[in-house]
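One structure is given below, encoded as structure tokens.
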Amino acid sequence: MSHMEPGQANKSISELRRGTVAFCVLALLDERERYAVELVSDLAGSDALAASQGTIYPLLSRLRDDGLVATTWQESRSGPPRKYYRLTDDGRRSLDVFRRDWAHFRDAVDRLLHEGDDRDRTRSDPDQPEGTRHEQH
Amino acid sequence: MNSTDKLIADYRDRLSRAMADLPPARRAELLGDIDVHLAEATTHARDQASVLQVLDELGAPEGIAEAARAESGTRPRRGVDGALAYDVLAVLALLLGGFFVPLVGWIAGVVMVWNGPRWTTADRWIGTLAWPAALAPLVALLAGLSLAPQPDSGPVWVLLPVGLLSAALILVPTVHLLRVAARRRAADH
């Protein structure tokens, strides 16, 4: 662990993305139903998609098999028929649980990261007495 | 076939090959999704550069197949993991369960066979009826012997063919269930 390389951090972030992208999809569908190409471009815009666009389809199949989203085919005026995805009640419950857990997790990680950050700054700044900074928390 | 059609056809072929080990329904669904995606994304721009860009953004077919493998691997079908152990255990319970816990052990075997992912309804009936069918001739013979006027002079030699018939009636369905399971397991993986 003492030799954590930048590449390792990138890998961790991409694993985090992989783990959270399903809930990003559910959150987008919580706003309104969307078709796949639309979902893909919204996800790509928000930097949440871990891998290539095509990997969204196996994910969507799994979410449907798990009963978190439902699909309907709808005609489109501008092109071929579209498969629309919408959130089910189970999907909404799952998303609510994740929203709460994610907030806890994010806050806990933020706290730890910022504490470390503060200590580093304290150490590199000899004028700042150790201990005074901790009272801010 | 013009050049953009060829690009798309080649991409589909690669994807199809990369997914060769996935269940057919999964494969068909994913190919269908990709077809719709390509049709949608190339509705307004079908020149070669646009199609290349759409394919590039979709990503390597092998990567999509890998994602499909990872997603389906995380979700065992119908609550049973479809492992070899389940198939063998179900057949063993059906065959021998009754010896360990009379009747209840056999019923457990029947339930496992009906819940197993590999067998058709016909296979399941074959498994269910194996023991009743095997026991029927023995029961009939014993009933016949006890009704005979002179039980001790009863034809003991009749026991042998009837016993063999019973053994065949229990062993043939057992082997059938195991072979069907092995074949479908191979097709699934």
- Could you tell me whether the range A:54-76 includes any residue that is of a type in the set (Phe, Trp, Tyr) and free of Cβ contacts under 8 Å to residues at least 40 places away in the same chain? yes
- Every listed condition ((1) surrounded by 14 or more Cβ atoms within 10 Å (Cβ to Cβ); (2) out of contact with any helix residue (DSSP H, G or I) (no Cβ under 8 Å at 6 or more places or on another chain)) holds for B:ASP5 save (1)
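Hey, could you check the range A:41-55 for residues that are facing chain B (nearest Cβ under 9 Å) and within 14 Å of the chain's Cα centre (by Cα) and say which is farthest from B:GLU71 (Cα to Cα)?
Residues of the range A:41-55 facing chain B (nearest Cβ under 9 Å): A:44, A:51-55.
Imposing the further condition that a residue be within 14 Å of the chain's Cα centre (by Cα) reduces the set to A:44, A:51.
Working: A:ALA44: 20, A:ALA51: 14 Å.
Applying the filter and picking the extreme gives A:ALA44.
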- Message: Given the criteria without any contact (Cβ under 8 Å) to a residue 60 or more places away in the chain and under 22 Å from A:SER14 (Cβ atoms), does A:LEU43 qualify?
- Response: yes
- Within the set of pairs 6 or more residues apart or between chains, which connect a residue that is in a helix (DSSP H, G or I) inside the range B:121-144 to a residue that is surrounded by fewer than 14 Cβ atoms within 10 Å (Cβ to Cβ) with Cβ atoms less than 6 Å apart? none
- Selected residue (only one of A:ASP47, A:ASP90 is on the phi > 0 side of the Ramachandran plot and charged (D, E, K, R)): A:ASP47
- If the Cβ limit is 6 Å and pairs must be 6+ apart or interchain, which residue in the range B:41-55 that is among the aliphatic types (A, V, I, L, M) pairs with which residue that is in a loop (DSSP other than H, G, I, E, B)? B:VAL51/B:THR42; B:VAL54/B:THR42
- Message: Out of everything in the range A:85-99 that is more than 15 Å from A:GLU31 (Cβ to Cβ) and in contact (Cβ under 8 Å) with a residue 40 or more places away in the chain, what residue ends up being farthest from the chain's Cα centre (by Cα)?
- Response: A:SER94
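No value in this document is a laboratory result; all are computed from the given coordinates. Model, not experiment: these values are computed from the prediction. For neighbour counting, all protein chains shown are included, and Cβ atoms are generated from backbone atoms with ideal geometry for every residue, glycine included.
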